[in-house]
1. With θ set to phi - 60° and the Karplus curve 6.51 cos²θ - 1.76 cosθ + 1.60, what are the ³J(HN,Hα) couplings of segment 503-512 in order, to the nearest whole Hz, using x for Gly and Pro?
2. If one computes the Cα centroid of segment 224-267 and of segment 88-134, what distance in Å separates the two points?
3. K234: which aspartates and glutamates have alpha carbons under 13 Å from its alpha carbon, excluding same-chain residues fewer than 8 sequence positions away?
4. Hey, how many Å between the Cα centroid of segment 156-220 and the Cα centroid of segment 304-376?
5. Please compute P(r) over all alpha-carbon pairs of the chain, binned at 10 Å starting from zero, and give each bin as a whole-number percent.
6. State which entries of K291/K379; K328/K510; K277/K306; K237/K379; K379/K518; K128/K173 exceed 28 angstrom in Cα-Cα distance in the structure shown.
7. Kindly identify segment 5-117 as rounded, prolate or oblate by the Cα gyration tensor criterion: order the square roots of the eigenvalues as a ≥ b ≥ c, call it rounded if a/c is under 1.5, otherwise compare a/b with b/c, prolate if a/b is larger, else oblate.
8. Using only alpha carbon pairs under 8 Å that are at least six residues apart, calculate the relative contact order of the chain and give it in whole percent.
Amino acid sequence: MPSLLCWHSLCVFPLPKDGEKIFGFPEFLAALALMVLAWTVGDIQYRFRGRIAPVPLPPLTFYSITTIGVLTLLTDLWRAEGWLVLDTGPFSPLTWQAFLGSGFLITFLTWGWYAFINPPIFSEKNAKRYGQLLYSVILKGSPTEVPVIASELADSAHEIVSRSWLIPELENKELISSEKKFRFDPFGWKRKRYFLSKDVAYDILLLIADRKFCRYVVQSSQYTALEIFGAMTKMEKYQLPVGPFARNITEEAIQNKDSFVFHESSGYQSGLLGFHKPLTQTLYGNYRMVKEVEDFFDVDYMETQKWDPDQWEAYGRLVLVSFRDYAKKELGQHAPVFWRSFECILRSAYDLYEVNRLERNYWDTPQCKRLDKVCHFFKEAIDILAKYPVPNRVHLREKLRQQRTSIYDLIAREIAELVFYAGQVAEPRELCWSVQHSTVWFQVFESFDQDTAARKFIRHKVRRALWDEIERMTSSPNFKGARMIAFLLNVLGFVAQNDDRHRDWVALHKVLLEWLKKNYAKLYIYNPSVAAACLVAGYTYDQAENQLIFTAPAEGLRRVPYTNALPLGPADESKIPGQ
């Protein structure tokens, strides 16, 4: 025991050089080296968590480590020099070393707590730092960092959604801020943090719409999208600035054939996830959210030009998920979301005319494959509507206020447009029949055979839409109406049959034949090119005999050509347009 030196009641003694040592400067350096190694080689995930902790962990760590290091160095120097220390006080030489060592350990454990045990999430305490760090990561766009941070965002999705401003609230932001009351906030700190967190949350929902970020979400962090839209559904908070994010997620998911859009296609292909469809149902299965967000299906036109038939099928599958919920909950309400998405799907077949005159392997062309997907889509849409009664607010005949047309009118209009597309394929005969009858007529028109109220409704509106185009040909001959006539004439023929297969279309067939008898010869005189567009391969006009002739060549079991004729009425040249 070293000798004491006392002055009155104050006693000191020289610190022994060979005293017990449990935490000195060498131990500090060794521990610090390990900690620095862990920080530098650690994943971006843990560095991100440390920087968004509720307390400013990096600066606090720096100051505490610096303080502990300086005190440890001074302690070792004090011992080496044998300088005097107090005999009385809160610390002995060993407890002082234990105090410094425990401070270092607590610093390390604090990092471990936030990095591994209890990762921090978005809150009022870290809102500014969270937003700034997320902004820098997305702006940097590192392919190794963005996927990790995208996954981290999932844990904060609920808080971000709950704290964000609604879009309508922005107009009255100042009024809302002034009316909000806080308990015991004399300096206004709670108010400032609260509204700062709402501002940052709103900005984050806009920030994550970055295309590259959405690409990585689809590739490796799909759970993030599930959590964000799941939180919106749970809180019924839909008027958030997530429109661009929703649109880009849809585009990137369709672009990536390894995404949930393709893996959740069916239970037969994907097992349990194919039956449950967790992501598909969360993102697209809530029509109210799709309606409020609006942008889910508003994909970029230039991006759709790159899609193959399988990607168009995937897009249609997503639309039908929302359409099912619409038919179940809001059938009869105006649905602008579907007016845009249905039109987009229909337009995927706009270039069908490019296969015209193709002699072989036409079903391997993208145009024919897309046509098949379009027909299947509209058949599925009709099947969905057929499960529900027609709402009372929807009328079979609506002559006024066309802007209020129903979903039934939309489907009928799109089917009529599809007839026009198919009517542009006029030859060869095999291709023409395959496109017009085997694909469009068989898949779409024969889906009306079941007599449900919705099918009857749509069937009537399709007949009306087709007849309106044909009737317009009387006063304003045009190629669109001509192609529709060509389609119907090719599929239905010269003889109106009132059997079970054709009874739904016999009325349209009869008025079509009557129109041809009355107007075709006149049309041929007025505009031969439009008249020619009314006929496909196998159909010809005999001007001398004033009749349309259909000729089927001798092939297969038919040993001689088959012919049939439709006599036409005389051309009344006094009523020819332009005369």
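1. 4, 5, 10, 5, 5, 5, 4, 5, 5, 5
2. First find each Cα centre; the distance between them is then 37 Å.
3. E159
4. 38
5. Spelled out per bin, shortest first, that is 3, 13, 17, 16, 13, 10, 8, 6, 4, 3, 2, 2, 1, 0, 0.
6. Details: K291/K379 23 Å; K328/K510 37 Å; K277/K306 26 Å; K237/K379 33 Å; K379/K518 34 Å; K128/K173 19 Å.
Beyond 28 Å between Cα atoms: K328/K510; K237/K379; K379/K518.
7. Details: a/c = 3.55, a/b = 2.46, b/c = 1.44.
Since a/c reaches 1.5 and a/b is larger than b/c, the shape of segment 5-117 is classed as prolate.
8. Values: 707 pairs, mean separation 47.0, N = 579.
8 percent.
A short reminder: the numbers here are calculations on the coordinates, not readings from a lab. No experiment lies behind these values; they were computed from the predicted model shown. No Cβ is skipped: glycine too gets one built from the backbone with ideal geometry, and neighbour counts run over all protein chains shown.
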